[in-house]
Structure formats: structure tokens, C-alpha cells
1. Scan around TYR218 for amide H atoms under 5 Å from its own, H built in the peptide plane at 1.01 Å from N, and keep only partners 5 or more places away or cross-chain.
2. Hey, can you grab everything whose amide H is under 5 Å from the amide H of ASP39? Only 5+ residues off in sequence or another chain; H modelled, so Pro and N-termini drop out.
3. Can you give the accessible area of VAL115 in Å² (nearest 10), computed on protein heavy atoms with a 1.4 Å probe?
4. From the Cα gyration tensor of segment 37-85, with a ≥ b ≥ c the square roots of its eigenvalues, which class applies: rounded if a/c is under 1.5, or else prolate if a/b is larger than b/c, or else oblate?
5. Assign one of three labels to segment 70-131, namely rounded, prolate or oblate, based on the Cα gyration tensor with a ≥ b ≥ c the square roots of its eigenvalues; rounded applies when a/c is under 1.5, prolate when it is not and a/b is larger than b/c, and oblate otherwise.
6. Could you tell me which GluC sites (Glu not before Pro) in segment 63-122 are loop residues by DSSP with no more than 11 other beta carbons within 10 angstrom of their beta carbon?
7. Which distance in nm do the two modelled labels at ASP56 and ARG169 give, with both placed 7 Å along the Cα-to-Cβ direction?
8. So what J values fall out for segment 86-102 if you push phi through Karplus, 6.51 cos²θ - 1.76 cosθ + 1.60 with θ = phi - 60°, rounded to Hz, Gly and Pro as x?
Amino acid sequence: MTSRVLVVTVTYHTGETLRPFLASLRSASVDSPGIVVVDNGSGSVDRERELAAEYDARFIPLRENRGYGSGIAAGVEASEPSEYVLIANPDVVFEPGSIDELVAAADADPAVGAVGPRILDPDGSVYPSARNLPSLGAGVGHAVFGRIWPSNPWSRSYRVEYDNATRARDAGWLSGACLLVRRAAYDQIGGFDPRFFMYFEDVDLGARLGEAGWRNRYQPSSTVMHTGAHSTSRDGSRMAAVHHDSAYLYLSRRYASWYHAPVRLLLRMGLGARKRWVSRS
């Protein structure tokens, strides 16, 4: 029998970190979701393969690192159709019933294309996982002042969830660390854009869902803990560079008209300079 929910995660040198993720799925839903673990070209995958077998998950090793969105796509494409796809990082731990809460929110409104849970950091603080789509002005203000003036108005506007962590609401986009996507919505927009290797693929997904008429819904009655950016911590400088490249890709597509050419040039120059500065720090 096909499960209503297909859980897809992507590993990269994840190892034993995968165990808490898989173990927590057993109490996250009264139904048994299908589980797919896609490894993004780690090379040595013996431990991940063993853990997947222990928890009745399908294991798909890729020969190369295709990026997060492409890894998710590989898992979805290799699986039986399901009503929902739950996309999650392998260092997420689900609270009991958390998947059921996401499904209930989606079932309650057929216009909802994606639902995201409340995501907690290890210290119990709420991670801002449901945000407004970044405008050019807010994005520049957040990028320039985010580190030196965390309470600046642009960052506060961008990270609106800090003030709305306990209220169910619509959002511009939901964090790709954990979100439930209606399969019909996923198929309609083609899932994640493979041009985003990492970062901003979830922002882009939320934007395209909205453009296609779907709603992105934040549901704090569902709670998960994100223990840390396990795979990206291996090469911080490279990931900082990738983050800025993805930011440019996203914003350049939002401002793609011919008359936005000067804006795109300024974005390329500004983000390029900031990428070089952050990558050295």
C-alpha cells in the first residue's frame, strides 16, 4: 500500500547523525510514511546504508554531489507517487505527531501547497523558518547590517517569525530544513530548481508556489528540532561563497526585465564583493 507521505532526506558524510532522524519518524505519524535516503556522492556510505536498512528506508547513493534540491528530486523521482512529500534535513528530529499536524493543516485547505513546522534550535529557541519573500531593499539592508546590527528594521521584517512563532499563518516561503509539500503542487512547478546548488532553493520554491496560486502555511503545532547544519559545516568558506551565488541567482531572476539590467549589475558587484569578504573571514 502506498503511503500518503513520502519522506525524503539528503545525506552528505552524515553518518550516525542519521539515526535520530530516522528513529524520530516512528512516532511522528500514526501512519507509516515511506522513507527515502539519498546520499549526495559522499563516497563512503556504509553507515548510512546500514541505518537506512535498519529503519526500513530506501537508500539511493548518487555518484556526485548534485546539491540539495537535486538530491531531493532524485528521491522523489525514484519513488512511488504519494499525496505529500516531506522534505527534511537529516539532522532534524521530529516530535511525536509532528507529521500528522502538517498533514492535517494541508488536508484542511486544498489551496495549501506547502506546510512548515515550528523549527527549534538545540537551545530551544525558535528558528525563523517561515518568512516573507525578500525584496531587494530588505535583502540589501539585511545583508549589509545583519551581522553588525541584528535588530535593524530590514532584518526584523525579513525574519518576521520571531514575532509570530506561535501563530499559524501564511508565509512567503518555508525553510527547506523541513516542509511538507503537496505532490500536485510539487509536480506543477517542477520541484526545486536544480540551478540552486544549496541555499535559496527553498525561497525560490515558495515564490514559485505562490506564483502558481498555492499557499505556503506555517503550522507551529508541528514541532521539530534542527540540531545543526551538519553537511555544510565541513567547508564554511565554500558554503559562504555558494550562499552569495544563490542569492544573486534568486534576485536576478526576480528582477529579470531588460530595464533591471543596472540592478542586476549592482547586485553582481555588491554580492561579489561581500562574498570575497565573508569567504576570508
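1. Distant-sequence amide H within range of TYR218: GLY116, ARG169, ASP170, ALA171.
2. When sequence neighbours closer than 5 places are left aside, the close amide H contacts are THR11, ILE60, LEU62.
3. Counting only protein heavy atoms, VAL115 exposes about 0 Å² to solvent.
4. On the way: a/c = 2.73, a/b = 1.16, b/c = 2.35.
Here segment 37-85 falls in the oblate category.
5. Since a/c reaches 1.5 but b/c is at least a/b, the shape of segment 70-131 is classed as oblate.
6. Sparse-neighbourhood loop GluC sites (Glu not before Pro): GLU64.
7. In this crude spin-label approximation the distance works out to 3.9 nm.
8. 9, 9, 8, 5, x, 9, 9, 10, 8, 7, x, x, 5, 5, 4, 5, 5
The values are calculated or read from the model by the stated rules, or taken from the named source; none is laboratory data. Computed from a predicted structure; not experimentally measured. Positions of Cβ are backbone-derived with ideal geometry, glycine not excepted, and every protein chain shown enters the neighbour counts. Areas reflect the complete protein model, heavy atoms only, side chains present, ligands, DNA and RNA absent. Shrake-Rupley method; radii C 1.70, N 1.55, O 1.52, S 1.80 Å.
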